[in-house]
Amino acid sequence: MKKIVLFAAILSCITVAVKAQVASTATQTVNLNLSNAIELTFTGSTTATGAAVNLAFNTVNDYANGVISAAQELKVRSNKKFGVTVKTNNANFSYTGTTTPAPVMPVSGVLSLKVSANATGGAIASPFSASAYSTLSATAANLITNANNGGNQTFSVMYEATPGFTYPAGTYTVDVVYTATQL
């Protein structure tokens, strides 16, 4: 009987020792090294280059009242608050046509912009607004200020051109440049 009790005691010690060695733990640290990131694109093209906006002046009323574009939507993706500025790449339109010498049409006073929608969480900067057009120039001006970070911050703009009756027929071209900058 002593042998059976001794054998049972040894067997229970072996079982406890085996159970104690079943688990093992290892630890590893994972670091996320985030950088500041910002991207500005036109939603229609999903690139930084939007489709050309063609404003056709076909009637006397177009010249008298001006022509307005459809809304052009832009999207900002940023991991920090941001602002957007707008300017033209030149103070004057470039001209393609048959008149010589080429007429000089200034951007200021002819091409205007309004913010037709703003889902950035930021404010529309003066002199721009959602209800009235403000003239553009070759000097950068704040368009949206203190916008919220996020992956789908959108705003839309509309252009108005009012060249009047001063300029001859032809194509007048200027690039409008938007810049999104993190705050």
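Reported count of residues in region 55-80, each being closer than 22 Å to Thr179 by Cα, part of a loop (DSSP other than H, G, I, E, B) and either without any contact (Cβ under 8 Å) to a residue 12 or more places away in the chain or among the hydroxyl-bearing types (Ser, Thr, Tyr) (or both), is 1. When region 140-166 is limited to residues that are in contact with a Ser or Thr (Cβ under 9 Å, 6 or more places away or on another chain) and of a type in the set (Ser, Thr, Tyr), the one that is nearest to Lys75 (Cα to Cα) turns out to be Thr154. Output the number of residues of region 165-176 satisfying the condition of being under 11 Å from Tyr63 (Cα atoms) and either touching a Leu at 6+ places or on another chain (Cβ under 7 Å) or modelled with pLDDT of 95 or more (or both). Within region 165-176, residues that are under 11 Å from Tyr63 (Cα atoms) and either touching a Leu at 6+ places or on another chain (Cβ under 7 Å) or modelled with pLDDT of 95 or more (or both) number 2. Considering region 137-162, and only residues there that are under 22 Å from Ala51 (Cα atoms) and part of a loop (DSSP other than H, G, I, E, B), the residue that is farthest from the chain's Cα centre (by Cα) turns out to be Thr162.
For the subset of region 119-136 comprising residues that are among the small types (Gly, Ala, Ser) and part of a strand (DSSP E or B), which member is surrounded by the most Cβ atoms within 10 Å (Cβ to Cβ)?
So the first thing to find is which residues in region 119-136 are among the small types (Gly, Ala, Ser), and the list is 119, 121-123, 125-126, 129-132, 134.
From what is left, the residues that are part of a strand (DSSP E or B) are 119, 123, 134.
Details: Ala119: 15, Ala123: 13, Ser134: 18.
If we take residues in region 119-136 being among the small types (Gly, Ala, Ser) and part of a strand (DSSP E or B), then Ser134 is surrounded by the most Cβ atoms within 10 Å (Cβ to Cβ).
Whether a residue is at positive phi and modelled with pLDDT of 95 or more was assessed, and Gly83 does not pass this test. Scanning region 81-101 for residues that are free of Cβ contacts under 8 Å to residues at least 60 places away in the same chain and within 23 Å of Ala138 (Cβ to Cβ) gives Ala91, Pro101.
Candidates are the residues of region 103-118 that are outside any strand (DSSP E or B) and either in contact (Cβ under 8 Å) with a residue 40 or more places away in the chain or at positive phi (or both); the one that is surrounded by the fewest Cβ atoms within 10 Å (Cβ to Cβ) is Gly109.
When region 92-101 is filtered for residues that are in a loop (DSSP other than H, G, I, E, B) and either exposed (fewer than 14 other Cβ atoms within 10 Å of the Cβ) or within 18 Å of the chain's Cα centre (by Cα) (or both), the ones remaining, listed by number, are Gly97, Thr98, Thr99, Thr100, Pro101.
Set side by side, the residues Ala169, Ala180 differ, and just one is in contact with a Gly (Cβ under 8 Å, 6 or more places away or on another chain) and loosely packed, with under 13 Cβ neighbours inside 10 Å, which is Ala169.
The values are calculated or read from the model by the stated rules, or taken from the named source; none is laboratory data. Since the model is a prediction, treat every value here as computed from it, not as a measurement. Cβ: placed from backbone, ideal geometry, glycine included. Neighbour counts: every protein chain shown.
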